[in-house]
Amino acid sequence: MNLGLRIVGRRADGYHLLESLFAPVDLADAIALRIESAGAAAEVSLAIAGDAAGAPPGDDNLAVRAARAFLARAGITARVHIGLTKRTPVAAGLGGGSSDAAAVLRGSPKRSPRRSRPRRSKRSHSRSAPTCPSSSTRVPRG
């Protein structure tokens, strides 16, 4: 849970520099991820279940953005199927969408047809998953 958030500056790319205070919660979304070989074009599909009211569909969803970023960075043409069961309230500051994106990034190399790991994956995908909950209280900055 995000207990506090301060904007402390702006990066050169226009994103804000933040300082926050996170505390762990017992809520978590569930991600089912399947990656298959594809023809000429990469495809990402998303099926949302659970308390999905307000969850962004398609390319507006952080999990979809993360999958697309992974495929582009890894140079893979594949079909990615994301099954998302929402348990965290949308836009409540609990990090559900960011955690979903992080789960996709973490699981994609393991399920990829080429078992590919993009170089510097955490840094290269930071725009897709700006904040991710932790199992302990933290003060993230950046």
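Worth pointing out:
- Within the stretch 8-26, considering residues that are under 28 Å from Pro89 (Cβ atoms) and hydrophobic (A, V, I, L, M, F, W, C), the one surrounded by the most Cβ atoms within 10 Å (Cβ to Cβ): Phe22
- Residue selection: Ile76 fails the criterion of being of a type in the set (Val, Ile, Thr) and touching an Asp or Glu at 6+ places or on another chain (Cβ under 9 Å).
- Of all residues in the stretch 49-85, those satisfying the criterion of being crowded, with 19+ Cβ neighbours inside 10 Å and closer than 17 Å to Ser98 by Cα are Ala55, Asn61, Leu62, Ala63, Val64, Arg65, Ala66, Ala67, Ala69, Phe70, Ile82, Leu84.
- Only one entry in Val90, Val44 is β-branched (Val, Ile, Thr) and at pLDDT 90 or above, namely Val44.
- Of the listed requirements (1) over 14 Å from the mean Cα position of the chain (by Cα); (2) on the phi < 0 side of the Ramachandran plot, Asn61 misses just one: (1).
- Restricting the stretch 47-58 to residues that are modelled with pLDDT of 90 or more and either hydroxyl-bearing (Ser, Thr, Tyr) or over 21 Å from Gly93 (Cβ atoms) (or both), the residue that is farthest from the chain's Cα centre (by Cα) is Ala49.
- Given (1) under 23 Å from Ala47 (Cβ atoms); (2) modelled with pLDDT under 65, index of the condition Arg115 fails: (1)
- Gly107 satisfies every condition listed in (1) in a helix (DSSP H, G or I); (2) more than 12 Å from the chain's Cα centre (by Cα); (3) not polar (S, T, N, Q) except (2).
The values are calculated or read from the model by the stated rules, or taken from the named source; none is laboratory data. Please read these numbers as outputs of a predicted model, since none were measured by experiment. When we count neighbours, we look across all protein chains shown, and the Cβ atoms used for this are built from the backbone with ideal geometry, even at glycine.
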